[in-house]
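*Asks:* First the structure, then my questions, so here it is.
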Amino acid sequence: MAEQETSCEVLVIGGGPAGSTIAALLAQRGRDVLMLEKSKHPRFHIGESLLPMNMPMFEELGLLDEIKRIGIVKLGAEFVSPWHPAPVMIDFNDSLDNTWPSAYQVRRDEFDEVMFKNAAAKGARVVEECKVTDVKFLPKEGALVDTLDKDGKTQRIRTKFVVDASGRDTFLSNHFQMKHRNKKHNSAAMFGHFSGVKRLEGEVEGNISLFWFDHGWFWFIPLPDGNTSIGATCWPYYMKTRGKTDLTQFFMDTIAMCPALMERMKDAKLETPVTATGNFSYLSERSSGENYILLGDAFAFIDPIFSSGVFLAMASSFAGATAVERCLSKPQEAEQALKEFDKAIMQGPKVFSWFIYRITTPAMRNLLMYKGAESKVKKALISILIGDVYRTERYSFWLLMFKLMYYTGSVLHLPSTIKAWFKRKRSIQVLDVAVTETYGQ
Ligand SMILES: Cc1cc2nc3c(=O)[nH]c(=O)nc-3n(C[C@H](O)[C@H](O)[C@H](O)COP(=O)(O)OP(=O)(O)OC[C@H]3O[C@@H](n4cnc5c(N)ncnc54)[C@H](O)[C@@H]3O)c2cc1C
């Protein structure tokens, strides 16, 4: 039974990048925003590599200098394939529109705290160690939200609008039982931070590296504190081979399967516990309803290969802020506002997923490993890699050419293409994978 009742105009569940972005934007527009975060910043979170197209959003939030202060500059991405003779470096500056030619790698404990404090500085009321436990929607009025704080105190909050930015907890999606696993994709990950890792040299030191191996791929993200975040994203069947092996041992054994990565980790020392997480590819049935919207991971997540999670979360918040503002100021336009929001939130995952679903095919690998950065087709690919996914109509011709080259390559190497698709089909099957050590639970 709730003890007290209080109120706000907009209640935001979760103070990660999505929640902090929309809370800042709506507070800046004069809305009475209350953001509740169940944990306390700074706290660990995975997802340390940002995209160039995050930068205009930081600028709008007044955070460019802060992100520069806590980050290490990322000018591009290195792809390392055991099936190709040499690594390929992609330079973000080679995208079709290179207004934003770089991004940053950040420690998420610092980054999320900066974002959270910014929302408070912009006027949002923010509360940590306060978990949203229940919600009851009241037709035409808003909602009643129940919370529980760290001292066990419960509270009931009356709000006109609920924004779900609860990340992988998917609060509203669970509430409405509308969360579905992505039938086209499935993978799991293990990760940790290491010191003593050999990084790239010179101005590209902060670039992300991606190493393919037989059971998936690794990320290699240099962090500003001198450590490097290393993670293996694997098919579920591979995770199942772990059996009773200790997770750290299994992770180290997996790294040993990738000689190119091992070479850079000869003197590496694990500095954090190894964490594993699974089943991270899912989608909610809808992104909104009367007096609520879902943002970022609370709505959907596909795969970390393109480092798009924080970017999509923040982009959904910008679209969400416009929709919520319109719903509150012109209720008669709410339906249209939410329709437009739904279109916006679907656009990013739609564009990225075409590439994600094909990333393990030989034809896609060959195109990524192709060196001709000056070709318009390659520039179109780099435009996707920087996160320029909301203006694809500007370069739709070159994207189409890329897709044609992909399909031509697939046909030319038909036997290996068919083999890769069968392997993928088998690999994404849901297995009873014992991924027990999950962060943030
Ligand atoms: C293995 C892996 C690697 C990744 N790598 C990258 C990467 O390199 N780059 C990238 O951009 N993205 C990456 N991502 C994705 C990225 O982590 C997420 O997309 C991003 O954090 C989403 O932001 P969000 O604000 O939607 O959710 P979150 O960042 O998860 O924030 C949600 C917040 O809500 C809080 N919360 C949850 N439930 C409640 C509740 N009931 N009440 C109150 N508070 C609540 C949580 O404590 C949390 O702070 C990766 C993801 C995975 C799984």
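The values are calculated or read from the model by the stated rules, or taken from the named source; none is laboratory data. What you see is a predicted model, and the numbers here were worked out from it, not measured in a lab. All Cβ positions, even for glycine, are placed from backbone atoms using ideal geometry, and neighbour counts span all protein chains on display.
*Asks:* Within the range 267-275, is there a residue that is closer than 22 Å to Pro17 by Cβ, part of a strand (DSSP E or B) and within 16 Å of the ligand (Cβ to nearest atom)?
*Replies:* Going through the range 267-275, the residues closer than 22 Å to Pro17 by Cβ turn out to be 272, 275.
Pick out the ones that are also part of a strand (DSSP E or B) and you get 275.
Next cut, within 16 Å of the ligand (Cβ to nearest atom) only: 275.
Checking the range 267-275: at least one residue is closer than 22 Å to Pro17 by Cβ, part of a strand (DSSP E or B) and within 16 Å of the ligand (Cβ to nearest atom).
*Asks:* Same structure, new question: Has the range 36-49 got any residue that is among the hydroxyl-bearing types (Ser, Thr, Tyr) and under 30 Å from Asp134 (Cα atoms)? Quick ask: steps written out before the conclusion?
*Replies:* We begin by selecting, within the range 36-49, every residue among the hydroxyl-bearing types (Ser, Thr, Tyr); these are 39, 49.
In the following step, the residues that additionally are under 30 Å from Asp134 (Cα atoms) were identified as 39.
Looking through the range 36-49, at least one residue is among the hydroxyl-bearing types (Ser, Thr, Tyr) and under 30 Å from Asp134 (Cα atoms).
*Asks:* Keeping to the range 165-199, report how many residues are surrounded by fewer than 17 Cβ atoms within 10 Å (Cβ to Cβ), under 25 Å from Ala232 (Cα atoms) and hydrophobic (A, V, I, L, M, F, W, C).
*Replies:* 0
*Asks:* Also: Look through the range 276-299, keep the residues that are surrounded by fewer than 23 Cβ atoms within 10 Å (Cβ to Cβ), over 23 Å from Asp109 (Cβ atoms) and within 13 Å of the ligand (Cβ to nearest atom), and return whichever of them is modelled with the highest pLDDT.
*Replies:* Ranking the candidates gives Ser284 first.
*Asks:* Right, something else. Against the definition (over 18 Å from Gln177 (Cα atoms) and assigned by TED's automatic domain parsing to the domain that holds Thr228), how does Glu271 come out, yes or no?
*Replies:* On the way: over 18 Å from Gln177 (Cα atoms): yes; assigned by TED's automatic domain parsing to the domain that holds Thr228: yes.
Judged against the criteria, Glu271 is a match.
*Asks:* Regarding Ser166, is this residue hydroxyl-bearing (Ser, Thr, Tyr), more than 9 Å from the ligand (Cβ to nearest atom) and within 23 Å of the chain's Cα centre (by Cα)? Steps first, please.
*Replies:* Details: hydroxyl-bearing (Ser, Thr, Tyr): yes; more than 9 Å from the ligand (Cβ to nearest atom): no; within 23 Å of the chain's Cα centre (by Cα): yes.
In short, no.
*Asks:* Among the residues of the range 359-368, is any closer than 27 Å to Phe116 by Cβ and part of a helix (DSSP H, G or I)?
*Replies:* Initially, the range 359-368 is screened for residues closer than 27 Å to Phe116 by Cβ, giving none.
Within the range 359-368 (the criterion being closer than 27 Å to Phe116 by Cβ and part of a helix (DSSP H, G or I)), the answer is no, since none of the residues qualifies.
*Asks:* Within the range 300-324, can you find the residues that are within 8 Å of the ligand (Cβ to nearest atom) and either touching a strand residue (DSSP E or B) at 6+ places or on another chain (Cβ under 6 Å) or free of Cβ contacts under 8 Å to residues at least 12 places away in the same chain (or both)?
*Replies:* Ser307
*Asks:* Then there's this: Kindly evaluate Ser49 against the criterion of being of a type in the set (Gly, Ala, Ser), surrounded by 20 or more Cβ atoms within 10 Å (Cβ to Cβ) and in the same structural domain as Ile255 (by TED's automatic domain parsing). Write out each step before concluding.
*Replies:* Details: of a type in the set (Gly, Ala, Ser): yes; surrounded by 20 or more Cβ atoms within 10 Å (Cβ to Cβ): yes; in the same structural domain as Ile255 (by TED's automatic domain parsing): no.
Criteria not met by Ser49.
*Asks:* Also, quick follow-up: Among the residues of the range 328-343, are any in contact (Cβ under 8 Å) with a residue 40 or more places away in the chain, within 16 Å of the ligand (Cβ to nearest atom) and either aromatic (Phe, Trp, Tyr) or buried (at least 18 other Cβ atoms within 10 Å of the Cβ) (or both)? Give the steps one after another, and end with the answer.
*Replies:* Taking the range 328-343 as the starting set, the residues that turn out to be in contact (Cβ under 8 Å) with a residue 40 or more places away in the chain are 328, 334, 338, 341-342.
Retained after the next criterion (residues that are within 16 Å of the ligand (Cβ to nearest atom)): 341.
Now narrow it down to the ones that are either aromatic (Phe, Trp, Tyr) or buried (at least 18 other Cβ atoms within 10 Å of the Cβ) (or both): 341.
Yes - at least one qualifying residue is present in the range 328-343.
*Asks:* Could you check the range 48-99 for strands (runs of 3 or more DSSP E) lying wholly inside it with 1 or more residues that are within 25 Å of Gly231 (Cα to Cα) and away from the ligand (no atom under 16 Å from the Cβ)? Walk me through it before giving the result.
*Replies:* On the way: elements: 72-74, 76-80, 88-91.
Filter on the range 48-99 gives 76-80, 88-91.
*Asks:* Sticking with this one: Quick check, is Leu148 of a type in the set (A, V, I, L, M) and free of Cβ contacts under 8 Å to residues at least 40 places away in the same chain? Talk me through it step by step, then tell me what you get.
*Replies:* Numbers: of a type in the set (A, V, I, L, M): yes; free of Cβ contacts under 8 Å to residues at least 40 places away in the same chain: yes.
Yes, satisfied.
*Asks:* Can you list residue pairs whose Cβ atoms sit under 6 Å apart, with the first residue in the range 34-55 being closer than 15 Å to Leu75 by Cβ and the second being more than 6 Å from the ligand (Cβ to nearest atom) and among the acidic types (Asp, Glu)? Count only pairs 6 or more apart in sequence or on different chains.
*Replies:* Pairs that qualify, where the first residue is closer than 15 Å to Leu75 by Cβ and the partner is more than 6 Å from the ligand (Cβ to nearest atom) and among the acidic types (Asp, Glu), are Met53/Asp388.
*Asks:* Quick check on the range 117-158: of everything there that is away from the ligand (no atom under 16 Å from the Cβ) and on the phi > 0 side of the Ramachandran plot, which residue is surrounded by the fewest Cβ atoms within 10 Å (Cβ to Cβ)?
*Replies:* Among residues in the range 117-158 that are away from the ligand (no atom under 16 Å from the Cβ) and on the phi > 0 side of the Ramachandran plot, the one surrounded by the fewest Cβ atoms within 10 Å (Cβ to Cβ) is Lys140.
*Asks:* On to the next question. Would you say Leu210 is in a strand (DSSP E or B), within 12 Å of the ligand (Cβ to nearest atom), in the same structural domain as Trp83 (by TED's automatic domain parsing) and surrounded by 14 or more Cβ atoms within 10 Å (Cβ to Cβ)? So that I can check it myself, show each step before the final result.
*Replies:* Values: in a strand (DSSP E or B): yes; within 12 Å of the ligand (Cβ to nearest atom): yes; in the same structural domain as Trp83 (by TED's automatic domain parsing): yes; surrounded by 14 or more Cβ atoms within 10 Å (Cβ to Cβ): yes.
Yes; evaluated as a whole, the condition is true for this residue.
*Asks:* Considering each of Lys240, Lys198 in turn, give the residue that is away from the ligand (no atom under 16 Å from the Cβ), at pLDDT 95 or above and not assigned by TED's automatic domain parsing to the domain that holds Asp342.
*Replies:* Details: Lys240 fails: at pLDDT 95 or above.
One residue alone meets the criteria, Lys198.
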